[in-house]
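Engineer: Take a look at the following structure, please.
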Amino acid sequence: MVYQKDLELHRNWAELMSNLKERIGQRPRDLNHVLYLIGIQELGKGMRDFSKEEKQDLMHIATCRLLATQGFYSLEGIDEDGWPHWKKTKQIPKLNLSDQEVLLKKCALDYFDEEF
């Protein structure tokens, strides 16, 4: 059985993917690609080639930024290279992978509503 909230999330996510395709010229593949794009936006240095480690760091920045809206993280500061650092402010509840994805998608939708 599909719930109305699931349909609404799916519809809103599909709309975001279409909007991002118009903005960046390609449709993001998945949530990880969206996190990468948010990380680049939060870093504020524009698009360039990033190392594998930097890509992981960008996705971490995005995850922290998104979960900060739920009170789980707060911005600790920016290092000398301009990279933001976050600290955990409260324990994140144990969620299965599906629920983690739903939480991050909802936060990402809110992020793009606020930022753009």
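The values are calculated or read from the model by the stated rules, or taken from the named source; none is laboratory data. Model, not experiment: these values are computed from the prediction. Cβ atoms come from the backbone with ideal geometry, glycine included; neighbour counts cover every protein chain shown. Note: accessible area is taken over every heavy atom of the protein model, side chains too, but ligands, DNA and RNA are not part of it. Shrake-Rupley method; radii C 1.70, N 1.55, O 1.52, S 1.80 Å.
Engineer: In cubic angstrom, how much convex hull volume per residue do the alpha carbon atoms of the stretch 1-104 span?
Structural biologist: 124 Å³
Engineer: Of the chain, which part is the longest with no trypsin sites (Lys or Arg not before Pro) in a loop (DSSP not H, G, I, E, B) and with at most 13 other C-beta atoms within 10 angstrom?
Structural biologist: On the way: sites that count: Arg29, Lys45, Arg48, Lys90, Lys94.
By the stated rule (loop sites, at most 13 other Cβ atoms within 10 Å), 49-89.
Engineer: Grab the alpha carbons of the stretch 1-57, take their convex hull, and tell me the volume per residue in Å³.
Structural biologist: Looking at the stretch 1-57, the number lands at 106 Å³ per residue.
Engineer: For a quick check, take a GNM of the chain with Cα springs below 10 Å and name the residue from Glu22, Glu42, Glu101 with the largest mean-square fluctuation.
Structural biologist: Top of the fluctuation ranking is Glu22.
Engineer: Would you work out which of Ser18, Gln41, Leu31 lies farthest towards the positive end of the dipole of the stretch 1-67, given +1 charges on the beta-carbon of Lys and Arg and -1 on that of Asp and Glu, about the Cα centre?
Structural biologist: Of the candidates, Ser18 comes out farthest on the positive side.
Engineer: For the chain, what is the calculated [θ] at 222 nm in deg cm²/dmol (nearest 500), taking -39500 (n - 2.57) for each run of four or more DSSP H residues and dividing by its residue count?
Structural biologist: -20500 deg cm²/dmol
Engineer: In debye to the nearest 20, how big a dipole does the chain give about its Cα centre with +1 on each Lys and Arg Cβ and -1 on each Asp and Glu Cβ?
Structural biologist: Roughly 320 debye for the chain.
Engineer: For Asp79, tell me the accessible area in Å² from a 1.4 Å probe, rounded to the nearest 10.
Structural biologist: 40 Å²
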